[in-house]
Amino acid sequence: MKVGIIGGGIGGLGAAYELAKQGHKVAVYERAPFLGGLASTFDVGGGRLERFYHHLFLSDKTIIGLLEELGLGDRLIWEDSKVGFYYKGRIYPFSTPMDLLRFTPVGLLDRVRMGLVTVYLQRVKRWQKFEGMSASVYIRKWMGRRNYEVVWGPLLDGKFTRYKDEIGMPWLWSKFATRVASRDKTFKEKLGYIKGSWGVLMDALERRIGEMGGEVHVSTSVARVLTEGGRVKGLAVQWPDGRHSEEPFDVVIATIPSFALPRLVDLPADYLAKAQGVEYEGAIAVIWVLKHSLSPIYWLNISDPEIPFLLVLEQTNLVPSSEYGGKHIIYTANYVTREDRRWGMDAEAIVAEYVTHLKKINPAFDPSWVEEYHLHKEPAAQPIMKVNYLQQMPPTRTPVEGLWLASMSQVYPEDRGTNYSLRLAVEVARQAVAAAQTTVAR
Ligand SMILES: Cc1cc2nc3c(=O)[nH]c(=O)nc-3n(C[C@H](O)[C@H](O)[C@H](O)COP(=O)(O)OP(=O)(O)OC[C@H]3O[C@@H](n4cnc5c(N)ncnc54)[C@H](O)[C@@H]3O)c2cc1C
C-alpha cells in the first residue's frame with residue numbers, strides 16, 4: 001500500500017516508521033528545511049538543542065520503547081526533577097509533598113487542602129467524570145480561593161491567557177496523573193532527556209525509514225490532498241526547486257494542526273466545524289546562552305504579573321553544560337495569542353525587555369553574562385482543551401475515505417507531548433492501512 005504522510009515531526013516520522021516496518025511504501029513530506037516539527041533542534045555551543053524545551057516523564061512508555069527499539073536506549077538520562085515557584089521575589093522549591101507543606105505564601109490549612117486534593121487527583125483513574133467541569137471552578141471549589149489566587153490562577157493564566165476559565169478539568173487532571181506516574185521506586189519524580197537531543201531520535205527514524213525503502217523529503221510542502229469520488233487519490237506536492245507534482249497514494253495521514261487540514265482538502269460541514277473549531281495558542285521561547293548558571297532550579301514557574309514570562313527553564317540543570325561547550329542554557333517562555341503585544345516583537349526587543357527581569361531570579365545576574373540569544377515562535381503550540389472537549393475533538397478518521405488526521409488536538413486528556421503524538425500517530429497509521437485493506441478486499 002502507498003501511504004503519503006504530511007508533516008515530518010515525531011508523529012509523521014513515527015507513523016512512517018511503523019508502516020515501513022509493515023512493508024508499506026511510505027513518503028513523508030515536511031515543509032520546513034528540517035525534521036522534528038515542534039521538537040526540532042538547532043545548534044548551540046557545539047551541541048543540539050530543542051527550539052522549545054523538551055523533557056520526558058517515566059510514564060512516556062511509547063517513546064521510551066521506540067528509543068530502545070532504535071538502539072538509543074542508552075541515550076536516556078534521568079534526573080531528579082527540580083521544580084521551583086517564584087512568588088513575590090522568592091524562589092520556593094515545589095517538587096515534593098514536603099515542599100508543598102513548606103510553601104508559606106498560603107496558610108497551613110490551605111496547604112493541607114492543596115495537598116489532599118493533589119493526592120486525590122493523582123489517585124483518580126476515571127478522568128471522564130471531570131468532563132463538563134472547568135479547571136478554574138474545580139480548583140476554586142476544592143483547593144480554595146487562596147490557592148487559586150497564588151498558585152493555580154497565575155499558572156492557568158500564563159499557560160492559557162484569555163482561555164484560562166474555559167479549560168476543562170480533564171486537562172488539569174492529566175497534569176497531576178503524569179507527575180505521579182513519573183516517580184521512581186523511591187517516590188522521587190524523575191525527568192528524562194535524550195542525550196544529544198530529540199534530533200538524535202529524528203535522525204534515527206529518518207535513516208531507518210530510508211533503509212526500509214521509504215522516502216523523507218524536507219523543504220517540501222503538501223499543497224493539496226487530491227480526491228476523487230470522496231476518496232483520497234494522492235497529494236499535490238511542491239518541491240524545493242519550485243516544481244509541482246501529483247503523487248498517487250492509497251492512504252494519506254496528516255500530522256498537521258487540525259485547523260490547517262481544511263486548507264488542503266474540502267471537508268463536509270460537520271467535520272470542518274470540528275477541525276476549525278479547536279483553537280490553538282502560540283508559544284514564544286527565548287534561549288539564553290549564559291556564562292553562569294541562573295539558579296539551581298530546572299523548571300521555575302513564575303507567579304508575578306510584573307514579569308513578562310511564565311517560565312524560566314534552565315536546561316543545564318537537567319543536561320550537563322558540557323553538552324553545550326560549558327555554556328549555561330536557559331529558556332524563558334510564554335504562551336500567547338496572536339493579539340498579544342509580544343507576538344509581534346523581534347528578538348532584540350524581547351530580550352531588551354526580558355533581560356531586566358532575570359536579575360529578580362538571581363540578584364547576581366548581569367547582562368554581561370549573556371553570550372547569545374535565540375528567539376523561536378510557534379503559532380500552533382498548544383491546542384485549547386475546553387470544557388466538554390470530547391464533543392469538540394475532530395475524529396482521526398476523516399469523512400474523506402483514506403484520509404486520516406493525527407494531530408496534537410487529538411491527544412486528550414493528556415497534555416501534548418512527543419510520547420502521545422507518537423502513540424496517536426502509530427495507532428492511526430495501523431488503523432488507516434487496516435481500513436484501506438478491508439475496503440480493497442470488499
Ligand atoms: C513550548 C513547547 C514545549 C513542549 N514541551 C514538551 C516536552 O517537554 N516533552 C514532550 O514530549 N513534548 C513537548 N512538547 C510537545 C511536542 O513537541 C509535540 O507533542 C510534538 O512534537 C508534536 O509532534 P507532531 O508530529 O504531532 O506535530 P508537529 O511537531 O507540529 O509536526 C507537524 C509538522 O507538519 C509540518 N507541516 C505542516 N503543514 C505542512 C504541509 N502543508 N506540508 C508539509 N509539512 C507540513 C510542520 O512544519 C511540522 O513540522 C512541547 C511543545 C511545545 C510547543
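Each value in this text was obtained by applying a stated rule to the coordinates, not by laboratory testing. As the structure is a prediction and not an experimental result, all values here were calculated from the model. Heads up, the Cβs are rebuilt from the backbone with ideal geometry, glycines too, and the neighbour counts pull from every protein chain shown.
If you take all other residues with their beta carbon under 9 Å from the beta carbon of PRO296, and give Lys and Arg +1 and Asp and Glu -1, the sum is 0. Under the simplified labelling scheme, the ALA347-ASP165 pair shows an inter-label distance of 3.9 nm, with each label point 7 Å from Cα along Cα→Cβ. Here the spin labels are modelled as points 7 Å beyond Cα on the Cα-Cβ line, and at SER245 and LYS359 they lie 5.9 nm apart.
Computed from the C-beta positions of ASP43 and ARG90, the FRET efficiency with R₀ = 41 Å rounds to 0.70. Of the peptides 104-112, 284-292, the order by per-residue mean of other Cβ atoms within 10 Å, starting with the highest, comes out as 284-292, 104-112. A cut-off under 14 angstrom between Cβ atoms defines the neighbours of ASP74, and their net charge, with Lys, Arg +1 and Asp, Glu -1, is 0. Name the residues of segment 249-293 whose amide N is less than 13 Å from a point 7 angstrom out from the Cα of ASP366 along the C-beta direction? Answer for segment 249-293: 291-292. With Cα atoms defining each centre, segment 46-123 and segment 147-214 are spaced 9 Å apart in the structure. If a spin label sat at a point 7 angstrom from the Cα of GLU279 along the line to its beta carbon, the backbone N atoms of segment 337-357 nearer than 18 Å would be those of 337-344. Taking the alpha-carbon centroid of each part, what is the distance from segment 310-334 to segment 238-256 in angstrom? About 37 Å separates the Cα centre of segment 310-334 from the one of segment 238-256. Taken over segment 340-442, the percentage of Cα pairs per 5 Å bin, counting from 0 up to the bin with the maximum distance, is 2, 9, 14, 13, 11, 10, 10, 10, 7, 5, 4, 2, 1, 1, 0.
For SER221, the residues 5 or more places off, or on other chains, whose built amide H falls under 5 Å of its own are GLN238. In the chain, helices alone account for a calculated mean residue ellipticity at 222 nm of -9500 deg cm²/dmol, with every DSSP H run of four or more residues adding -39,500 (n - 2.57). Measuring max minus min along each principal axis, the C-alpha atoms of segment 17-115 give extents of 61, 30, 25 Å (largest first). For the pair LYS61 and ASP340, the difference between a 0.36 nm per residue extended length and the Cα-Cα distance amounts to 96.8 nm.
Across segment 71-84, rounded Karplus estimates of 3J(HN,Hα) from the backbone phi angles (6.51 cos²θ - 1.76 cosθ + 1.60, θ = phi - 60°) give x, 10, x, 6, 7, 6, 10, 10, 10, 4, 6, 10, 9, x Hz, Gly and Pro being marked x. Between the listed residues THR161, GLY229, GLY23, the Cα displaced farthest toward the positive end of the dipole of the chain, a dipole computed from Cβ unit charges relative to the Cα centre, is found at THR161.
Its Cα gyration tensor gives the chain an equivalent ellipsoid; the semi-axes, largest first and in whole Å, are 37, 26, 21. Here each label is just a point 7 Å from Cα along the line to Cβ, and for LYS125 and ASP270 those points are 3.3 nm apart. For segment 96-185, the Kirkwood estimate of hydrodynamic radius, built from reciprocal distances between every pair of different alpha carbons, is 13.6 Å. If you look at the Cα atoms of segment 280-383, you get an Rg and a Dmax of 13.4, 39 Å. Relative to the longest principal axis of the Cα atoms of the chain, the long axis of helix 198-211 lies at roughly 10 degrees. Residue separation of LEU390 and ARG102 scaled by 0.36 nm, minus their Cα-Cα distance, works out to 99.9 nm of gained length.
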